[in-house]
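Below is one structure, written out as structure tokens, with a few remarks after it.
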Amino acid sequence: MTHSTSDAGQGTWYSETLHRGLRTSIEARKVLFDSETEHQRLVVIESVGFGKVVLLDGVIQLTTSDEFIYHEMLAHLPILAHGAVSDVLIVGGGDGGMAEEALKHDGVKRLTMVEIDAGVIDFAREHLAEVNKGCFDDPRFDLVIADGKDFVASTDKRYDLVIVDSTDPIGPGEVLFTETFYGACKSILKPGGILVTQNGVPFFQAGELKATMAAFSGLFADASCYLASVPTYFGGDMAFGWGTDNADLRTVPLETLKARYAASGIDTRYYTPEVHQAAFALPAYVRDMVEAAGR
């Protein structure tokens, strides 16, 4: 991450250089938080156009203006596809946004979140209350401070849904993109359970999606991905990995999804049953990545 004051004197611009040859910048009205935790540097700015912006080691993680898209699609889609999710595991997700969405479902009886960095939780409670909305105090919520790869390799608990809400495969998040980790995640799924992962923007991060799909294809009867458009993550649609041994869950009829959505009583700003179905309709270049990885 770089930051500098613009020549026009309009403010400070924070620039991300995650993708080679590309720099994206966002203007900050002021810096709300800037600190090194045990594992990473956390920065929060109040931006001109995106609300609060959270950066980890210089990479934009979320903005309060559009985080709902990412969190809704990674939580509600698999929960409503499954239809009977009771036990949820989130690996990462320290901002609390994923847990907040998943806990909207009354059917979720236990949600465990494994976060490697305790400092992120303290920070999220203070600075991102509008994202996590008190989910850390929900009696169904269980926080474990540990390395996600170690937890999934050693736990004796089983889950209907595992959500890997990781950073990009650099730094602490790198180990969460390996075949060994994905295999351990599968081993703790209940029969018919689902594993979903964040897999970046395929247009710029094709290698990330291909590697995950190659691992998934060797682990699951049904391995694919689905897409959502998140303005913050520059470069086109974002991909979410999808793995399950119940192939029917990717093709749940629209009327069934509508009935489950209505029964859930949740209120969403991006997710709809129609968007749910359409998210699995992949552009040819993404479809080709998925199919090639499975061969």
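Just so you know, in region 238-277 the residues that are farther than 26 Å from Phe216 by Cβ and of a type in the set (A, V, I, L, M, F, W, C) include one that is nearest to the chain's Cα centre (by Cα), and it is Ile266.
Whether any residue in region 121-138 is in a loop (DSSP other than H, G, I, E, B), under 21 Å from Thr244 (Cα atoms) and among the hydrophobic types (A, V, I, L, M, F, W, C) is what I want to check. Break it down into steps so the answer makes sense when it comes.
Our first condition is that a residue be in a loop (DSSP other than H, G, I, E, B); within region 121-138, this holds for 128, 133-134, 138.
Checking the rest, the ones that are also under 21 Å from Thr244 (Cα atoms) come to none.
So far as region 121-138 goes, no, none of its residues is in a loop (DSSP other than H, G, I, E, B), under 21 Å from Thr244 (Cα atoms) and among the hydrophobic types (A, V, I, L, M, F, W, C).
Would you check if Phe234 is surrounded by fewer than 21 Cβ atoms within 10 Å (Cβ to Cβ), of a type in the set (Phe, Trp, Tyr) and either within 24 Å of Tyr270 (Cα to Cα) or modelled with pLDDT of 95 or more (or both)? The answer is yes for Phe234. Do the conditions hold for Leu89, that is, is it assigned to a strand (DSSP E or B), in contact with a His (Cβ under 9 Å, 6 or more places away or on another chain) and either modelled with pLDDT under 95 or of a type in the set (A, V, I, L, M) (or both)? For Leu89, the condition - assigned to a strand (DSSP E or B), in contact with a His (Cβ under 9 Å, 6 or more places away or on another chain) and either modelled with pLDDT under 95 or of a type in the set (A, V, I, L, M) (or both) - is not met. Screening Asp150 against (1) at pLDDT 95 or above; (2) within 26 Å of Asn246 (Cα to Cα) leaves a single unmet condition, (2). Per the listing Ala124, Ala153, the residue uniquely without any contact (Cβ under 8 Å) to a residue 40 or more places away in the chain, in the same structural domain as Arg269 (by TED's automatic domain parsing) and farther than 26 Å from Phe220 by Cα is Ala124. Restricting attention to region 87-97, does a residue exist that is surrounded by fewer than 21 Cβ atoms within 10 Å (Cβ to Cβ) and either under 20 Å from Thr272 (Cα atoms) or more than 14 Å from the chain's Cα centre (by Cα) (or both)? Checked region 87-97: at least one residue is surrounded by fewer than 21 Cβ atoms within 10 Å (Cβ to Cβ) and either under 20 Å from Thr272 (Cα atoms) or more than 14 Å from the chain's Cα centre (by Cα) (or both). Residues that are farther than 16 Å from Thr197 by Cα, under 16 Å from the mean Cα position of the chain (by Cα) and touching a residue at least 24 places away in the same chain (Cβ under 8 Å) occur at least once in region 132-139. Say whether the condition of being within 20 Å of His71 (Cβ to Cβ), at pLDDT 95 or above and surrounded by 21 or more Cβ atoms within 10 Å (Cβ to Cβ) is met by at least one residue in region 215-224. Scanning region 215-224 turns up no residue that is within 20 Å of His71 (Cβ to Cβ), at pLDDT 95 or above and surrounded by 21 or more Cβ atoms within 10 Å (Cβ to Cβ). From the list Ala102, Ala146, Ala84, the lone residue that is assigned by TED's automatic domain parsing to the domain that holds Tyr226 and buried (at least 18 other Cβ atoms within 10 Å of the Cβ) is Ala102. Counting only strands (runs of 3 or more DSSP E) wholly contained in region 19-65, the ones carrying 3 or more residues that are without any contact (Cβ under 8 Å) to a residue 60 or more places away in the chain and surrounded by fewer than 17 Cβ atoms within 10 Å (Cβ to Cβ) occupy 24-36. Residue by residue through region 153-184, note down the ones that are surrounded by fewer than 18 Cβ atoms within 10 Å (Cβ to Cβ), hydroxyl-bearing (Ser, Thr, Tyr) and at pLDDT 95 or above. Correct list: Ser154, Thr155. When Ser4 is tested against (1) surrounded by 14 or more Cβ atoms within 10 Å (Cβ to Cβ); (2) at pLDDT below 85; (3) not in a loop (DSSP other than H, G, I, E, B), only condition (1) is not met.
The values are calculated or read from the model by the stated rules, or taken from the named source; none is laboratory data. Computed from a prediction, not measured in an experiment: that's the story for all the values here. Neighbour counts are summed over all protein chains in view; Cβ atoms, including those assigned to glycine, are modelled from backbone coordinates with ideal geometry.
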